[in-house]
Structures are given as structure tokens and as C-alpha cells.
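Chemist: The structure is given below, and queries will be raised subsequently.
Just so you know, all these numbers are worked out from the coordinates, no wet-lab data involved. As the structure is a computational prediction, the values presented were derived from the model and not from experiment. We place every Cβ from the backbone using ideal geometry, glycine too, and count neighbours over all the protein chains shown.
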Amino acid sequence: MRMRAALLLSAALAISVGFVSALAAGKLERRTSSAGGVMVAVQPLDLAPGAKSWDFEVTMNTHTTPLEQDVTKVSVLVDTAGASHAPTAWQGDPPGGHHRKGVLRFAPLPGSPAFVELQIRGVGTPEARTFKWQLR
């Protein structure tokens, strides 16, 4: 019985370590959305438990209208329970122009959420663009 419990614990730890390593290494896929003449791409950089912040690289490109949004005011991170979390910082290109790139930072979500969903509103369209990643 003890051997079985030890094996189960070892397997759980191995899966957890693999999960944490994948999140820390940025192995979550890049997501893109193209609508209203604006292409938005988002790449999670670090969503590991224990990270100081959860970071997403955001790239926006258009040839139709200037990208004048305050990214911290039009973005939220939605957790498994449906709660919205505001970003803590945007480190990147200022509003204006047709090409913007930067890192959108959030406080790490508590616990171990099954997924996270980044919503960005008002970039090319009034509807929210939704980027979702399964975490477990």
C-alpha cells in the first residue's frame, strides 16, 4: 500500500514539474486574431506558479487606423471561475502608429487554474478578442 502511494505521489510530482517547466519555458502556443483590419498576436511568456508576474507578449499590426488604445485599460485576464483581473503593467510601444509590441503583465492568479483567458477589447472591433490557454 505504501509503495502504491509513493508511486502515485511520484507520478503526480513528475506531471507537476513537467507542467511548471512548460509554463516557465513559454511552451504555451501563440494565439492570433485578425478582425477589423487589425491583427493581434499573443504569446504567453511565463505563467509558472511562483513567477513574480504572468507575462504575455502582445503584437498588434494594422494598415487601417492608428493603434491608440491604452492596453492596460482594454485588457483583462479571466480565470477559471470567471473573475476578471486587470493588468499591472504594459511595457512596450506607446499608443499610436500602426505597429505595437510589448509585454502585458498580470499578478499571478491564485491556486492552479485549469485555464486562463486574455481578453482585449476595442482593437479594430468593439468586440473582445479572446485568447485562451489550457493550463492543466
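Chemist: Which order do the peptides 34-43, 115-124 take when ranked by the mean count of other beta-carbon atoms within 10 Å per residue, highest first?
Modeler: In decreasing order of mean packing, 34-43, 115-124 become 115-124, 34-43.
Chemist: Consider a paramagnetic label point 7 Å from the Cα of Q91 along Cα→Cβ; state which residues of region 44-83 have an amide N under 15 Å from it.
Modeler: Taking a point 7 Å out along Cα→Cβ of Q91, the residues of region 44-83 whose backbone N falls under 15 Å are 45-47, 51-58.
Chemist: Give the relative contact order (percent, whole number) for region 47-93; include only Cα pairs under 8 Å separated by 6+ residues.
Modeler: Reported as a whole number, the value is 22 percent.
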